[in-house]
1. Which pairs turn up if I take residues in segment A:142-155 that are free of Cβ contacts under 8 Å to residues at least 24 places away in the same chain and look for partners that are open to solvent by 30 Å² or more (accessible area, probe 1.4 Å) and charged (D, E, K, R) with beta carbon separation below 7 Å, at least 6 apart in sequence or on another chain?
2. Specify which of the listed residues (B:ARG194, B:ARG247, B:ARG270) is open to solvent by 30 Å² or more (accessible area, probe 1.4 Å), within 28 Å of B:TYR55 (Cβ to Cβ) and either at pLDDT 95 or above or of a type outside the set (S, T, N, Q) (or both).
3. Being of a type outside the set (Lys, Arg) and without any contact (Cβ under 8 Å) to a residue 24 or more places away in the chain is the filter here; which residues of segment A:258-277 pass it?
4. Please enumerate the residues belonging to segment B:31-52 that are more than 20 Å from B:GLY186 (Cβ to Cβ) and touching a helix residue (DSSP H, G or I) at 6+ places or on another chain (Cβ under 7 Å).
5. Answer yes or no as to whether A:VAL114 is touching a helix residue (DSSP H, G or I) at 6+ places or on another chain (Cβ under 7 Å), at negative phi and either open to solvent by less than 10 Å² (accessible area, probe 1.4 Å) or assigned to a helix (DSSP H, G or I) (or both).
6. Would you confirm whether any residue within segment A:60-67 is farther than 28 Å from A:TYR274 by Cβ, out of contact with any strand residue (DSSP E or B) (no Cβ under 9 Å at 6 or more places or on another chain) and at pLDDT 95 or above?
7. Go through segment B:54-65 and give me each residue that's more than 21 Å from B:THR122 (Cα to Cα) and buried (at least 22 other Cβ atoms within 10 Å of the Cβ).
8. Pick from segment A:164-182 the residues that are more than 9 Å from chain B (Cβ to nearest Cβ), open to solvent by less than 50 Å² (accessible area, probe 1.4 Å) and over 23 Å from A:VAL15 (Cβ atoms): which of them is farthest from the chain's Cα centre (by Cα)?
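The values are calculated or read from the model by the stated rules, or taken from the named source; none is laboratory data. Here the structure is a predicted model, which means the values were calculated and not measured. Cβ atoms come from the backbone with ideal geometry, glycine included; neighbour counts cover every protein chain shown. For accessibility, only protein heavy atoms count, side chains too; no ligands or nucleic acids. Shrake-Rupley method; radii C 1.70, N 1.55, O 1.52, S 1.80 Å.
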Number of protein chains: 2
Amino acid sequence: MTKPAITIGVFDSGVGGLTVLRELAARIPHANYLYFGDTARLPYGSKSAETVARYAVGAAHFLHQQGADLLVIACNTATALALPQIRAALPIPVEGVIEPGADAAAAASSAQQVVVVATQATVASHAYRRELEARGCAAHEKACPLLVPLVEEGWTDHNVTRQVAQIYLDEAFAGAFAAADVLLLGCTHYPLLRPLLRSITPKSVTIVDSAESTAKAVAAHLAQSANCPPQPAPAHQQEAALQAAERAPSPLLQFYATDSAEKFKALGSRFLGYAIAHVEHVDLKE
Amino acid sequence: MTKPAITIGVFDSGVGGLTVLRELAARIPHANYLYFGDTARLPYGSKSAETVARYAVGAAHFLHQQGADLLVIACNTATALALPQIRAALPIPVEGVIEPGADAAAAASSAQQVVVVATQATVASHAYRRELEARGCAAHEKACPLLVPLVEEGWTDHNVTRQVAQIYLDEAFAGAFAAADVLLLGCTHYPLLRPLLRSITPKSVTIVDSAESTAKAVAAHLAQSANCPPQPAPAHQQEAALQAAERAPSPLLQFYATDSAEKFKALGSRFLGYAIAHVEHVDLKE
């Protein structure tokens with residue numbers, strides 16, 4: 001007898017969070033997944049905290065209504081600006097990308113010095129620095145505004161991207177941070193650059209990826225929940241869940257986007273690692 | 001006796017339109033200028049035509065209420081998607097950036113073959129191709145998504161930018177367009193790359209800049225209006241206008257932005273060519 005599958009909602013302002021979904025699906029293959037990309041309203045980075053919180057809470061409610069049992073905020077800006085509000089608004093567990101990334105980076109650093117590469121908006125929020133300092137690590141947050149457009153252009157193994165990344169890393173691993181021993185990828189686009197970044201970073205530096213760290217944290221959370229199971233559901237609800245799980249292929253993936261479904265498919269497939277067959281366009285009222 | 005100064009409203013989704021303002025101020029130095037950057041809601045390129053029209057008409061009304069006698073839509077996306085709606089909504093002349101750019105490019109091309117470099121959104125609208133074909137020119141529209149972030153990073157004379165531009169131009173001047181003799185800059189960020197683009201483009205290719213072409217078109221429009229003056233205003237209105245013009249330094253520049261005034265000042269000064277002292281933050285309701 002199969003356990004009824006859990007449904008995990010994954011939310012991002014765009015397609016970057018698909019790198020988190022990819023890691024989740026690899027670690028928790030029997031879950032169902034609902035992915036929501038708020039592509040019509042990106043980038044969140046230029047918006048006020050109030051606006052980001054309103055958008056993110058709306059998307060979180062949508063995913064909960066579609067059946068999510070657990071929510072992953074796979075967006076650094078939304079995590080930095082709105083995680084407490086999203087947690088307060090939903091009756092299900094909500095995980096962000098910043099705490100797991102900071103946990104993994106702090107654990108990996110002997111020097112207690114971490115370089116964080118991220119977008120301008122994430123750096124401006126100083127969310128990673130706060131979390132790393134709370135874990136006893138000094139953090140140098142380096143904004144790398146060209147890396148997202150280079151990834152979106154598909155230049156993930158391009159000589160130009162190598163030069164740009166080298167310039168950013170030379171600036172980041174400088175001064176007091178010349179001996180930093182962890183490079184934390186604080187943007188969901190950057191896992192696509194991991195091989196390139198690995199090739200230009202000294203062997204003594206450990207690369208920690210927030211997407212991967214978040215998936216590990218969610219898998220650990222679920223394993224813990226399984227060991228301490230909640231009150232079992234009434235028999236007829238268990239029955240219905242089992243029947244649904246048996247009818248559905250596993251993992252079941254459903255994609256929602258607020259902008260063009262075609263654009264999401266074309267760009268998103270690169271982030272997910274395989275072709276996205278269907279995207280449902282949704283229009284969330286503010 | 002000085003003529004009462006005209007007030008020209010300039011609208012863009014961000015700071016790029018400041019290159020149009022710079023050209024306008026050079027050609028029409030005695031006008032007053034109101035610049036509106038809808039920085040909180042950029043980029044317009046990922047939004048629906050309906051949404052862009054609603055935002056642009058709102059901004060246009062704002063500039064008219066602040067006293068604009070003539071409006072320049074210094075935004076390729078808003079021009080491509082909403083120029084008719086803006087013209088219909090306002091009782092003042094409205095000029096976009098696409099028709100003047102297409103006029104100048106068609107006039108400069110002997111081969112009747114034009115390469116247009118622009119953002120993905122502008123290329124997807126095919127607004128330049130339509131206008132150029134209507135003027136008897138074939139057009140190859142080439143999306144150059146890395147150029148805007150490279151300009152915003154300040155790398156306008158950087159070796160990386162030179163390599164990226166060379167790759168784009170090699171792809172653009174290829175096949176049937178190998179003998180194109182005009183390069184049309186169809187994005188308000190690109191004038192900052194003009195020296196770099198000039199250095200890597202064959203001498204036989206004329207570079208036409210939509211920002212400059214638009215300023216020339218507006219100057220020509222004003223010169224024509226001056227030759228065929230409209231019904232003069234009542235004497236007391238003329239008097240008030242004169243008094244206002246005498247009190248104000250000329251050109252009077254006023255900046256409005258929907259996102260952070262500080263960010264607008266820092267980035268905008270590079271586009272305008274000199275420091276922006278004051279930016280008023282405005283919050284337009286949708």
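1. Hits for this filter: A:LEU146/B:GLU153.
2. Unique residue meeting the criteria: B:ARG270.
3. Listed by number, the residues that qualify are A:ALA261, A:GLU262, A:ALA266, A:SER269, A:TYR274, A:ALA275, A:ILE276, A:ALA277.
4. Across segment B:31-52, the qualifying residues are B:TYR33, B:LEU34, B:TYR35, B:PHE36, B:THR39, B:ALA40, B:ARG41.
5. Criteria met by A:VAL114.
6. Yes, segment A:60-67 contains a residue that is farther than 28 Å from A:TYR274 by Cβ, out of contact with any strand residue (DSSP E or B) (no Cβ under 9 Å at 6 or more places or on another chain) and at pLDDT 95 or above.
7. The answer is B:LEU63, and nothing else.
8. Restricting to residues being more than 9 Å from chain B (Cβ to nearest Cβ), open to solvent by less than 50 Å² (accessible area, probe 1.4 Å) and over 23 Å from A:VAL15 (Cβ atoms), the top hit is A:ALA174.
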